[in-house]
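The values are calculated or read from the model by the stated rules, or taken from the named source; none is laboratory data. Please read all numbers here as calculations on a predicted model, not as lab measurements. Using ideal geometry, Cβ is built from the backbone for each residue, glycine included, and neighbour counts are taken over all protein chains shown. Heads up: the accessible areas ignore ligands, DNA and RNA and are worked out on the full protein's heavy atoms, side chains in. Shrake-Rupley method; radii C 1.70, N 1.55, O 1.52, S 1.80 Å.
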Amino acid sequence: MESPHVLISLARDCGGGSVTVGVQRFIWDYCISKADGKFYVPYLKSFLKKIIVEVESQGFEVLDELYEQLTFYMTSLKDDDSAKENSRVLKYISFLFPDDCRELPSCPETRKLVVTLQCSLNTLEGDTGCSIWPSSLLLSEFILSCPEMFSSKSCFEIGSGVGLVGICLAHVKASKVMLSDGDLSSLENMKLNLELNQLSTRVGTSERPSEDLEVVNCIHLPWESATDSELQDFMPDIILGADVIYDPLCLPHLVKVLAFLLSRGKLLSHVYNRSSNGVLLSSAQKNGAKNSSDSDNLDKAMPKDSPNVEYASKKGPLAFIASVIRNVDTFNRFLALADEANLGVEDVIEKIVPFNLLPYLQSYPRSSVRLLTIMHL
Ligand SMILES: C[S@@+](CC[C@H](N)C(=O)[O-])C[C@H]1O[C@@H](n2cnc3c(N)ncnc32)[C@H](O)[C@@H]1O
């Protein structure tokens, strides 16, 4: 559901500057005639209208099938049908692995991983948890780019929303996937999405998460009411979160949850320094202690020509939080609270460069997403 303008500009590119009859035939054969119940009709109607206007304005011939389909939509769809506030649609996110990713354990043979997600057209529905936010796209690209960082790790996500990150964690074979959200309707939608992607689920509140490795746990966890004894049951190796730093009122509770989950275990070292060749080294590694499997795995997964990162040898959990900074004051408040809670926050987006697996998704503001690592000091 990219904006119709984006699709038309792609169609123009395919036709060498105009939407030729050949390109229209492709659109009809591969997209619209196969849409049958799969796509949101008001969206298709708007796309057809715009593409016909585009072709006509260039003085080209419009394919009969496109006219007929638009007429069908105009007569069968009343205008108020398109205005349904909480309409749900299915979105298909295709992660396209470039040639040099073939060796990655996360790369399917077809080099394409398609995730199906039911989302709301209303971004505020389910306390914003029924839409896909850009940070979860970046976090998913990161997980798929560095699968060995997450495989065999117990992973816990806060504010999981539609569940995309959890589906990627299950794909790279995290040993345990625990997803959580404070909103019950988001939780219900998340469970449906996991099942749409052939994952078994278990919904829980305060019970211990399932030990069954095949099961993704969906946990109702509002940060405000999360108790230490409840959090103690999770004990993850890695904590994840996407687009969760935005509401100033929730920040103290969010930081409290992060601090508790991160406080298990002790860090040996987590300080990064830039060496002369631009490679980042932790102090432990500079002293010759390059024995972390995380470090090796991350190195292997990085695109060859991208900035590299060597991971510190550490014990204890680590959090990866992807975030778009929409309000600097809110973000700074988060940093101040994290500091008070003895959490070290580092922006690693320039050090950890995930593969661009969504090159076609023009509405995804990839460069505006930051990736933070958080550790207990
Ligand atoms: C902007 S959405 C991001 C959803 C998803 N992580 C993504 O990036 O697509 C924020 C998510 O955090 C959840 N959330 C917000 N405040 C929360 C709170 N106080 N406790 C638990 N979850 C909360 C919302 O329900 C929602 O799912």
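Would you tally the net charge around Ala322, using a Cβ to Cβ cut-off of less than 12 Å, leaving Ala322 out, and scoring K and R as +1, D and E as -1?
Result for the local shell: -2.
Evaluate the Kirkwood expression for the hydrodynamic radius of the range 4-83, namely the inverse of the mean inverse distance over all pairs of different C-alpha atoms, and round to one decimal in Å.
12.9 Å
What does the charge add up to near Glu109, with Lys and Arg as +1, Asp and Glu as -1, over the other residues with Cβ less than 14 Å from its Cβ?
Once positives and negatives cancel, what remains is +1.
Explain nothing, just compute: Karplus ³J(HN,Hα) = 6.51 cos²θ - 1.76 cosθ + 1.60, θ = phi - 60°, for every residue of the range 7-18 in order, whole Hz, x for Gly and Pro.
5, 5, 5, 5, 4, 4, 4, 5, x, x, x, 9
Counting only heavy atoms of protein chains, what accessible area per residue, in Å², does the range 4-83 have with a probe of 1.4 Å?
Per-residue value: 59 Å².
Quote the accessible area belonging to Arg111 in square angstrom, nearest 10, computed with a 1.4 Å probe and with ligands, DNA and RNA left uncounted.
Accessible area, nearest 10 Å²: 70 Å².
Quick one: Karplus J couplings for the range 61-75, per residue in order, coefficients 6.51, -1.76, 1.60, θ = phi - 60°, nearest Hz, x for Gly and Pro?
Once θ is set to phi - 60°, the couplings for the range 61-75 become 7, 9, 4, 3, 4, 5, 4, 4, 5, 5, 4, 4, 5, 5, 8 Hz.
Using a 1.4 Å probe on the protein heavy atoms, what percent of the accessible area of the range 4-83 belongs to carbon and sulfur?
The C+S portion of the solvent-accessible surface of the range 4-83 is 56 percent.
Assigning unit charges at the beta carbon (Lys, Arg +1; Asp, Glu -1) and nothing else, what dipole magnitude in debye, to the nearest 20, does the range 4-83 show about its Cα centre?
Approximately 220 debye in magnitude.
Whole-Hz Karplus ³J(HN,Hα) for the range 107-114, in order, using 6.51 cos²θ - 1.76 cosθ + 1.60 and θ = phi - 60°, x for Gly and Pro?
Here the 3J(HN,Hα) series is 7, x, 4, 6, 6, 9, 10, 9 Hz.
Compute the Cα gyration tensor for the range 169-264, then decide on rounded, prolate or oblate, letting a ≥ b ≥ c be the square roots of its eigenvalues: rounded whenever a/c is under 1.5, prolate when a/b is larger than b/c in the other cases, and oblate in all that remain.
Prolate, because a/c is 1.5 or more and a/b exceeds b/c.
Given a Förster distance of 35 Å, report the FRET efficiency between Ser87 and His220 from their Cβ-Cβ distance, rounded to the nearest 0.05.
0.90
Excluding Asp127 itself, calculate the net charge of residues whose Cβ lies under 11 Å from the Cβ of Asp127, where each Lys or Arg counts +1 and each Asp or Glu counts -1.
Result for the neighbourhood of Asp127: -4.
Report the calculated FRET efficiency for Asn332 and Thr75 (r = Cβ-Cβ distance, R0 = 45 Å), to the nearest 0.05.
Once the sixth-power term is evaluated, E becomes 0.25.
Multiplying the sequence separation of Asp99 and Asp233 by 0.36 nm and subtracting their Cα-Cα distance, what value in nm do you get?
Answer, rounded to one decimal: 44.1 nm.
Relative contact order for the range 320-377: what percent, with Cα pairs under 8 Å and sequence separation of 6 or more?
60 percent
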